[in-house]
Amino acid sequence: MMQLALATALAGAVALLAYRARTLTVGGAVAAFVVGTAVFGAGGWRAAAVLFAFFIPSAVLSRVGSQRKRMLGDEKQSPRNAWQVFANGGAAAICVVAASRGFAPVAAAFAGAFAAASADTWGTEIGMLSRRTPVSILTLRPIAAGLSGGVTLLGCIASAGGAVCVALTAWLVHLGPFWGVALGGFAGALADSLLGASLQALRWCPRCGRECETEPHSCGTPTVLRRGVAWIANDAVNFIATICGALVAGAAAWI
């Protein structure tokens with residue numbers, strides 16, 4: 001009972017700080033409170049360490065080069081809402097609750113989910129600052145910076161760093177094998193890019209004359225679907241990527 005009370009208080013404090021720092025919307029803060037309570041309550045301080053290894057660097061990196069990102073018209077720089085929080089942390093929360101019931105390999109799956117989210121976030125936030133034009137991971141043709149499915153050398157290196165950051169933390173607190181969790185992070189980020197370049201909805205804003213991924217566009221104009229499946233947006237892709245990371249890391253721990 002005491003652990004749950006402490007978990008609730010810690011999750012509430014983190015969610016409030018993130019909201020005050022404008023990294024989360026009100027809905028995002030509520031979602032972060034739910035995910036944080038599940039993680040801290042079921043996994044204790046070790047799970048909290050893994051969550052912070054994802055959350056803190058990601059929050060810092062979102063502020064790096066913000067002026068350049070705004071100039072590029074990046075739609076992903078606004079505070080995260082509830083769907084975005086659940087997309088990045090929902091699979092991990094489910095895994096840590098399952099792990100608390102005695103399913104040992106699921107602890108590594110928990111870390112793998114956050115490693116995938118971390119790899120994707122680092123790759124996006126740092127990759128956006130690359131002076132080289134991104135190319136599609138499928139066609140290798142140049143695409144606009146900020147669109148899903150685009151990769152740069154800088155972004156790939158950053159993505160690896162994000163996976164390693166969480167994997168190292170998980171290994172230090174005995175929540176999974178380092179290489180297994182890191183591999184889960186790499187696999188999740190790869191799945192994110194592949195889905196982003198294929199099934200994820202790519203739209204066209206006639207008013208701004210540019211491709212985008214939201215409906216309507218951030219300017220408020222209805223968009224036209226150009227490629228992909230209409231209901232598969234960035235949040236769905238992120239959720240699938242974290243599941244991929246969890247499965248790979250869990251399988252590595254099982255083996």
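The values are calculated or read from the model by the stated rules, or taken from the named source; none is laboratory data. All of these numbers come straight from a predicted model, not from anything done at the bench. Cβ placement follows ideal geometry from the backbone for every residue including glycine, while neighbour counts extend to all protein chains displayed. Surface accessibility is based on the protein's heavy atoms, side chains included, excluding ligands, DNA and RNA. Shrake-Rupley method; radii C 1.70, N 1.55, O 1.52, S 1.80 Å.
Among the listed residues Thr8, Thr23, identify the single one that is surrounded by fewer than 16 Cβ atoms within 10 Å (Cβ to Cβ), over 19 Å from Val106 (Cβ atoms), in contact with a helix residue (DSSP H, G or I) (Cβ under 7 Å, 6 or more places away or on another chain) and in contact (Cβ under 8 Å) with a residue 12 or more places away in the chain. Steps first, please.
Numbers: Thr23 fails: surrounded by fewer than 16 Cβ atoms within 10 Å (Cβ to Cβ).
Exactly one of Thr8, Thr23 is surrounded by fewer than 16 Cβ atoms within 10 Å (Cβ to Cβ), over 19 Å from Val106 (Cβ atoms), in contact with a helix residue (DSSP H, G or I) (Cβ under 7 Å, 6 or more places away or on another chain) and in contact (Cβ under 8 Å) with a residue 12 or more places away in the chain, namely Thr8.
Out of the residues in the range 204-238 meeting the condition of being of a type in the set (A, V, I, L, M, F, W, C) and buried (at least 20 other Cβ atoms within 10 Å of the Cβ), tell me which one is modelled with the lowest pLDDT.
Initially, the range 204-238 is screened for residues of a type in the set (A, V, I, L, M, F, W, C), giving 204-205, 208, 212, 219, 224-225, 229-233, 236-237.
So of that shortlist, the ones also buried (at least 20 other Cβ atoms within 10 Å of the Cβ) come out as 205, 212, 237.
Values: Cys205: 92, Cys212: 88, Val237: 97.
Only one residue fits best here, namely Cys212.
Scan the range 121-134 residue by residue and report those that are outside any helix (DSSP H, G or I) and among the β-branched types (Val, Ile, Thr).
Looking only at the range 121-134, we keep the residues that are outside any helix (DSSP H, G or I), and these are 128-134.
The answer is Thr133, and nothing else.
Only residues that are surrounded by 20 or more Cβ atoms within 10 Å (Cβ to Cβ) and under 19 Å from Ala241 (Cα atoms): list them for the range 172-183, please. Walk me through how you get there before you give the answer.
Kept after step one, since they are surrounded by 20 or more Cβ atoms within 10 Å (Cβ to Cβ), are these residues of the range 172-183: 175-176, 180-183.
Within the range 172-183, Gly176, Gly180, Val181, Ala182, Leu183 qualify.
One line per residue, one yes/no per condition, for (1) among the aliphatic types (A, V, I, L, M); (2) over 21 Å from Val237 (Cβ atoms); (3) open to solvent by 10 Å² or more (accessible area, probe 1.4 Å); (4) assigned to a helix (DSSP H, G or I):
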{"position": "Val106", "(1), (2), (3), (4)": "yes, yes, yes, yes"}
{"position": "Ala119", "(1), (2), (3), (4)": "yes, no, no, yes"}
{"position": "Ala145", "(1), (2), (3), (4)": "yes, no, yes, no"}
{"position": "Ala170", "(1), (2), (3), (4)": "yes, yes, no, yes"}
